[in-house]
Structures are given as C-alpha cells and as structure tokens.
Amino acid sequence: QVQLVESGGGLVQAGGSLRLSCAASGRDVNINTMYWYRQAPGKQRELVAVVTSGGVTDYADSVKGRFTSSRDNAKNTVYLQMNSLKPEDTAVYYCRVLVGLYYYWGQGTQVTVSS
C-alpha cells in the first residue's frame, strides 16, 4: 500500500507562483511514473503533467512554459512548480503515482488564483 501526501496549495494572486509537493510512503515503494491532475469546479479532472522514472516530462498545452514538474527519487517525492498563475488555474490539484501495476491518488490540494 502506498500513501501520498500533498502540500503547497493556497491562495495566490494572478502572476504569482506556488510549488506543490507530493510525497509517497509505504513498504518497498518503487515509483514508476508520477502524474499531476487538476479538477476545477464543474469540470472534469484533467492531466496537467507527467514525470517518468527517468525524469522525462510532458505537460498539458495550457500549462506549458509556466509549470515545471520534477522528482526526487531518493525522497519518493514529486514537485510541481507553478509560475505565472492565472485565475483559470484555480482547481484542486492531485498527484497520482504508478507503483508496479497499481495507481494511487493523493488527497488533493486546493489552488486558488485571484484576479
């Protein structure tokens, strides 16, 4: 079993920055791919960023050039650096990890961007 703990959300003005963290713990955790999703009120959950075990990243078009995801494999932690935030980035952000054949979700952290 894998537990994910997210942190770093909050309220920020448009143009500001936040850094989200997602720490994984559990017995013999060997994380493969790590993902960031977000879900805005009334909208479907969408994929924002992907970080492979080798550190290869990919991003949704809506965040390219503004968001950067990285990981610290020694700490089993993934980060999402969010710059130049916009009001439309307001959402609950979730991390998701692939461990072996199973996916696990974090509890989510609220990001609110005021105009």
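What about TYR79, is it hydroxyl-bearing (Ser, Thr, Tyr) and touching a residue at least 40 places away in the same chain (Cβ under 8 Å)?
Details: hydroxyl-bearing (Ser, Thr, Tyr): yes; touching a residue at least 40 places away in the same chain (Cβ under 8 Å): yes.
Spelling it out, TYR79 is indeed hydroxyl-bearing (Ser, Thr, Tyr) and touching a residue at least 40 places away in the same chain (Cβ under 8 Å).
Which pairs turn up if I take residues in the stretch 1-12 that are in contact (Cβ under 8 Å) with a residue 60 or more places away in the chain and look for partners that are of a type in the set (Gly, Ala, Ser) and surrounded by fewer than 12 Cβ atoms within 10 Å (Cβ to Cβ) with beta carbon separation below 8 Å, at least 6 apart in sequence or on another chain?
The qualifying pairs are LEU11/SER114; VAL12/SER114.
From ALA14, ALA49, which residue is more than 16 Å from GLN110 (Cα to Cα) and small (Gly, Ala, Ser)?
ALA49
Report, by residue number, each residue of the stretch 61-82 that is under 13 Å from the mean Cα position of the chain (by Cα) and of a type in the set (A, V, I, L, M, F, W, C).
Step one: list which residues in the stretch 61-82 are under 13 Å from the mean Cα position of the chain (by Cα), which gives 63, 67-71, 77-82.
Across the stretch 61-82, the qualifying residues are VAL63, PHE67, VAL78, LEU80, MET82.
Going through the stretch 19-41 one residue at a time, which ones are modelled with pLDDT of 95 or more and more than 11 Å from the chain's Cα centre (by Cα)?
GLN39, ALA40
Please work out if VAL48 is at pLDDT 95 or above, within 10 Å of the chain's Cα centre (by Cα), part of a strand (DSSP E or B) and within 21 Å of SER114 (Cα to Cα). Walk me through it before giving the result.
Numbers: at pLDDT 95 or above: yes; within 10 Å of the chain's Cα centre (by Cα): yes; part of a strand (DSSP E or B): yes; within 21 Å of SER114 (Cα to Cα): yes.
Answer is yes for this residue.
Suppose we filter the stretch 59-97 for residues that are exposed (fewer than 13 other Cβ atoms within 10 Å of the Cβ) and farther than 24 Å from SER25 by Cα; how many remain?
Residues that pass the stated criteria total 5.
The values are calculated or read from the model by the stated rules, or taken from the named source; none is laboratory data. Keep in mind that what you see is a predicted model, and the values were worked out from it rather than measured. A quick note on method: Cβ atoms are made from the backbone with ideal geometry, for glycine too, and the neighbour counts reach across all protein chains shown.
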